[in-house]
Amino acid sequence: ALVREELAKLGRVTRGQRNVLVAFAVTVLLWITPGIFALAGADNSPLAQAFEQSLPESVAAMIGATLLFLLPVDWRARKFTLTWDEALKIDWGIVFLYGGGLSMGALAFQTGLAEALGKAITSWLPSHSTATLTMIFTGTAIVLSEATSNTAAANMIIPIAIAVSQAAGVAPI
């Protein structure tokens with residue numbers, strides 16, 4: 001009864017809200033499609049390889065964002081889900097923080113920096129157990145998050161933690 005009452009207060013779903021749901025669904029579908037290929041055992045197929053090369057996660061996100069500018073709320077009035085004036089009000093610092101952190105993490109692996117750091121840090125550690133690595137990187141993340149945001153700390157620590165665990169022969173998961 002409470003849920004029905006709250007839904008009644010919200011009113012009907014608007015055209016703009018439906019457009020956001022469509023853009024979100026398209027983005028999520030594009031993000032999970034490589035996983036679907038993998039679950040089906042077809043992740044090495046030419047189709048899966050072509051899909052992953054032509055639509056990486058960043059492109060899928062851009063498609064979703066672009067859909068917000070293209071899906072009409074009122075076609076006759078040329079009103080779309082997201083206008084440029086509304087886009088200017090978005091807190092772009094947060095978007096850049098996430099995107100920059102994810103890019104730095106990916107580049108750390110692509111350039112070999114993560115592997116080099118992993119080997120260097122592993123050589124200093126007295127123990128290479130899962131518990132030791134977990135305590136070290138949890139402590140480092142806590143200290144780092146006192147000076148930066150939690151997201152920035154995670155984006156800096158996680159690629160290094162993965163590389164160190166791989167160099168130590170411990171499963172990163």
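The values are calculated or read from the model by the stated rules, or taken from the named source; none is laboratory data. Please read these numbers as outputs of a predicted model, since none were measured by experiment. Cβ sites come from the backbone with ideal geometry, for glycine too, and all protein chains shown count toward neighbours. Accessible surface areas use protein heavy atoms only, side chains included; no ligands, DNA or RNA. Shrake-Rupley method; radii C 1.70, N 1.55, O 1.52, S 1.80 Å.
At a glance:
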quantity	calculated
The chain: calculated mean residue ellipticity at 222 nm from DSSP helix runs of at least 4, using -39500 (n - 2.57)	-24000 deg cm²/dmol
Förster radius 30 Å - calculated FRET efficiency between residue 110 and residue 86, Cβ distance, rounded to 0.05	0.30
Nearest 10 degrees, 0 to 90: helix 15-39 Cα axis against the chain principal axis	40 degrees
Protection-proxy order for peptides 63-71, 6-14, each taking the mean of Cβ atoms within 10 Å per residue, highest first	63-71, 6-14
Carbon plus sulfur fraction of accessible area for the chain, probe 1.4 Å, in percent	69 percent
Using alpha-carbon coordinates, inclination of helix 150-167 to the longest axis of the chain, degrees	40 degrees
For the range 5-143: span of alpha carbons on each principal axis (Å, largest first)	68, 43, 34
Surface per residue (accessible, 1.4 Å probe) for the chain, Å²	71 Å²
Accessible area (Å², 1.4 Å probe, nearest 10) - residue 96	140 Å²
